Amino acid sequence: MGFEQVIKALRNSLPASNLFFEGEREYEALNGSYLSAMESDIRPAAIFRPESRKQVAKFVKIMRPFSLGEHGEEATVRFAIRSGGQQPLPGVANIEGGITLDLGLLNSVELQKNGKQTVVSVGAGARWGAVYDKLDGTGLGVTGVRSASGGVGGLSLTGGVSFFSSREGFVCDNVLNYEVVLASGEIVNANEHENSDLWISLRGGGNNFGVVTRFDFRTFPQPGKFWGGSVFYFLSSWPYHVGALLSELRKKDAADPNAHVQLSIGYSSQFAQFACQSQLSYTGADATESMPEVLKPWADRHPQIEQLNSVRLMTLREAVSEQPAESKGNVRYVIIPLTRPRPQTNSAVRCAYMNVTVKADAPTLFEATEIFTNSLESVKACSGLMSSLTFQPYSVNTLRQTVRHGGNSLGLDPSDGPLINIMVSTYWNKKSDDAAILKYMSNATSYMRREAQRRNKLVPFVSMNHAWTHQDVIECYGEENKRALQETSIKYDPEGLFQRGVPGGFKLFNRK
Ligand SMILES: Cc1cc2nc3c(=O)[nH]c(=O)nc-3n(C[C@H](O)[C@H](O)[C@H](O)COP(=O)(O)OP(=O)(O)OC[C@H]3O[C@@H](n4cnc5c(N)ncnc54)[C@H](O)[C@@H]3O)c2cc1C
């Protein structure tokens, strides 16, 4: 009953041609274009694709009484908010039987002068590749994801690490202004001067406060090319690469803010073996034809799979094209699950991420490695399995940028750094393997957590972007941040539309 009323109301006020229903070609293409088939398995009753922020505002106003259950439980129709659809957690950006608000058509990218600062204004449904295209040749850089197909919306509300994060901080810390449609349908800006509590809350608070229709990012000078690429090697060299990362992060005179190194170890059931990758970047303006000293410990280390070494001077566009979705069929992306080629639409591959954050401590990281390799035994036979362990560093300088750029809600303290976010990610083929794989991943990450805690090296933070349902992300931000987020919700969304009416994602109240 409620659904028919909602659709009638939406059709009366919004372009009917932007509403898609089950069985229609557009619906199937859109619903099949999530990163993970687990998210595509969810079937919304309809998908709405707004073309402007005004249409988003109208949509929210129409949905509000239905989503809040004001017409009775039977007439309740909830909704989900989707930008890129790249976060694999089922139900985070899609909703069974409800309406999915797909922001894909809000994809404008514009450069604007704001005093001395150049700002890149990005529609919530844009992909990072379009942002990098816009900046190409301008001598400017922006903190964005390391994949051209990555979604802007989800990443910029949850943290996010870029090639530039050692110097410029998390992606969310670089958002100068969020344009937001609130639960009332009002369109507001949230920045340092206007609605600053909302601005800080959105930096890590996900979809809890409204629909963000535009993100204004700071840019910074990034002339010419920088050093990027990867080194691939086998498991026996992993301890050396981890040790080199820790030495760099804990340097007495501070880690090089221009260097960023991410390490992954992956297992593929197809090849029945482990392989490792060190993804390197050096973004200093002083980059020349000769490799920066700081990258040599990884780039020049042997043995390595020499024919796959891709470390070189490159543009930002080239660097993000090294990522899987843009490089189909290359063997290096087959041996490393993390960088597996991803279909852009009609994904048939299932995927999950879980993560834990620890201090940059060698025994803790080696323990995590052992837990990963041992735990995998239980699922090695699963069809199409590719599972990886990634060490994503948060240098002290990365953490300091949060303060420099006005703050966020993540609850990370530079005095705890350097930190390593440990992510386990898995891709597989069959729905019948879901339970076994999710159990393996949650057991492994819980074990890593317990061991890190036992060593006094655990940091509560969990990255929302890479978390799974059982991980209480908001609680992990710390009591003070959680309370501040709740206060923001009560102030800007007193009836709790984005808590009860938009159930996907990590909510602020009553998780326990
Ligand atoms: C190949 C590859 C490479 C990657 N590299 C990196 C990397 O370098 N660094 C990194 O940090 N991550 C990386 N990731 C993770 C990935 O970038 C993020 O998961 C993704 O960008 C999430 O954004 P999205 O727009 O796709 O979110 P969606 O999946 O669309 O949504 C995620 C959540 O955000 C909410 N949301 C989205 N947009 C809005 C909005 N406009 N308003 C309100 N709520 C919203 C949704 O409701 C949902 O809860 C990578 C992923 C892949 C597949």
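The values are calculated or read from the model by the stated rules, or taken from the named source; none is laboratory data. Predicted model only: the values in this text are computed from it and were never measured. Backbone-built Cβ (ideal geometry, glycine too); neighbour counts: all protein chains shown. Protein only, heavy atoms only, side chains kept; ligands, DNA and RNA dropped before computing areas. Shrake-Rupley method; radii C 1.70, N 1.55, O 1.52, S 1.80 Å.
Say the dipole of segment 109-222 comes from +1 at the beta carbon of Lys and Arg and -1 at that of Asp and Glu; which of V211, A148, G125 then lies farthest toward its positive end?
Checking the options against the dipole of segment 109-222, the answer is A148.
What's the magnitude of the charge dipole for the chain around its Cα centre, counting Lys and Arg as +1 and Asp and Glu as -1 at the beta-carbon? Answer in Debye, nearest 20. Can you show the working numbers first?
On the way: 53 positive and 51 negative charges, 35 e Å.
Dipole size: approximately 160 debye.
Probe of 1.4 angstrom, ligands and nucleic acids ignored: what's the accessible area per residue over the chain, in square angstrom? Intermediate results must be reported in sequence, preceding the final value.
Values: 19350 Å² over 512 residues.
Result: 38 Å² of accessible area for each residue.
Report the normalised scattering of segment 358-402 as log10 I(q)/I(0) at q = 0.16, 0.26, 0.28, 0.29 Å⁻¹, calculated by the Debye formula with identical scatterers on the alpha carbons.
Listed by q, the Debye log ratios stand at -0.59, -0.96, -1.03, -1.06.
Taking amide H atoms as placed 1.01 Å from N in the peptide plane, list the residues 5 or more away in sequence, or in a different chain, whose amide H sits under 5 Å from that of G150.
When sequence neighbours closer than 5 places are left aside, the close amide H contacts are W128, G129.
Over its Cα atoms, what ratio of radius of gyration to 2.2 N^0.38 Å does segment 2-102 give?
1.01
As a check on your grasp of the helix formula, calculate [θ] at 222 nm for the chain: sum -39500 (n - 2.57) over DSSP H runs of n ≥ 4, divide by the residue count, round to the nearest 500.
Working: 17 runs with 153 residues, N = 512.
After summing the helix terms and dividing by the residues of the chain, the value is -8500 deg cm²/dmol.
Expressed in nm², what is the orientationally averaged projection area of the convex hull enclosing the Cα positions of segment 226-475?
Orientation-averaged projected area of the Cα hull: 13.9 nm².
Residue by residue, what Karplus-based ³J(HN,Hα) values in Hz, rounded to whole numbers, does segment 221-226 have, using 6.51, -1.76 and 1.60 with θ = phi - 60° and x for Gly and Pro?
Rounded to whole hertz, the list is x, 9, x, x, 8, 10.
At 7 Å along the Cα-to-beta-carbon direction for both E192 and E73, put a label point, then send me their distance in nm to one decimal.
Each label point is offset 7 Å from its Cα along the Cβ direction, giving 5.0 nm.
Using a basic spin-label model with each label point 7 Å from the Cα along Cα→Cβ, how many nm lie between D136 and S247?
3.8 nm
Hey, can you rank 298-307, 207-216, 407-416, 141-150 by average C-beta count inside 10 Å, highest first?
207-216, 141-150, 407-416, 298-307
Among 127-138, 19-30, what's the highest-first ranking by average C-beta atoms within 10 angstrom per residue?
127-138, 19-30
In whole Å, largest first, what are the principal axis extents of the Cα atoms in segment 435-475?
In descending order, the Cα extents are 31, 21, 13 Å.
Can you check what the Kirkwood hydrodynamic radius comes to for the chain, Cα pairs only, in Å to one decimal?
It works out to 23.1 Å.
Once the other residues with Cβ under 12 Å from the Cβ of M354 are scored (Lys, Arg +1; Asp, Glu -1), what is the net sum?
Working: positive: K439, R449; negative: none.
Surrounding charge for M354 is +2.
Placing +1 at every Lys and Arg Cβ and -1 at every Asp and Glu Cβ, with all other atoms neutral, what dipole size does segment 68-175 have around its Cα centre, in debye to the nearest 20?
Around 560 debye, computed over segment 68-175.
Report, to two decimal places, the Cα Rg of segment 114-165 normalised by 2.2 N^0.38 Å (N = number of residues). List each step's numbers first, then the result.
Working: Rg = 10.9 Å, N = 52, 2.2 N^0.38 = 9.9 Å.
So segment 114-165 has a normalised radius of gyration of 1.11.
Report the full-extension gain for the segment E487 to E293: residue separation times 0.36 nm, less the Cα-Cα distance, to one decimal in nm.
Using 0.36 nm per residue and subtracting the Cα-Cα distance, I get 65.1 nm.
Ordered by packing density, taken as the mean number of other Cβ atoms within 10 Å over each peptide's residues, highest first, how do 260-273, 230-243 rank?
260-273, 230-243
Which distance in Å, rounded to a whole number, links the C-alpha centroids of segment 446-471 and segment 209-280?
Here the two parts' Cα centres lie 20 Å apart.
Could you go through segment 156-169 in sequence order and give the Karplus-derived ³J(HN,Hα) for each residue, using 6.51 cos²θ - 1.76 cosθ + 1.60 with θ = phi - 60°, rounded to whole Hz, and x for Gly and Pro?
Listing the rounded values in order: 7, 10, 10, x, x, 10, 10, 4, 9, 5, 4, 9, 9, x Hz.
Out of the total accessible area of segment 66-224 (probe 1.4 Å, heavy atoms of protein only), what percent is carbon and sulfur?
Whole-percent figure for carbon plus sulfur exposure: 47.
Which net charge results for the neighbourhood of E367, defined as the other residues with beta-carbon distances under 15 angstrom from its beta-carbon, given Lys and Arg at +1 and Asp and Glu at -1?
Local net charge: +3.
Along the Cα→Cβ direction, 7 angstrom out, place labels at S378 and E495. What is the inter-label distance in nm?
Each label point lies 7 Å from its Cα, and together they span 4.5 nm.
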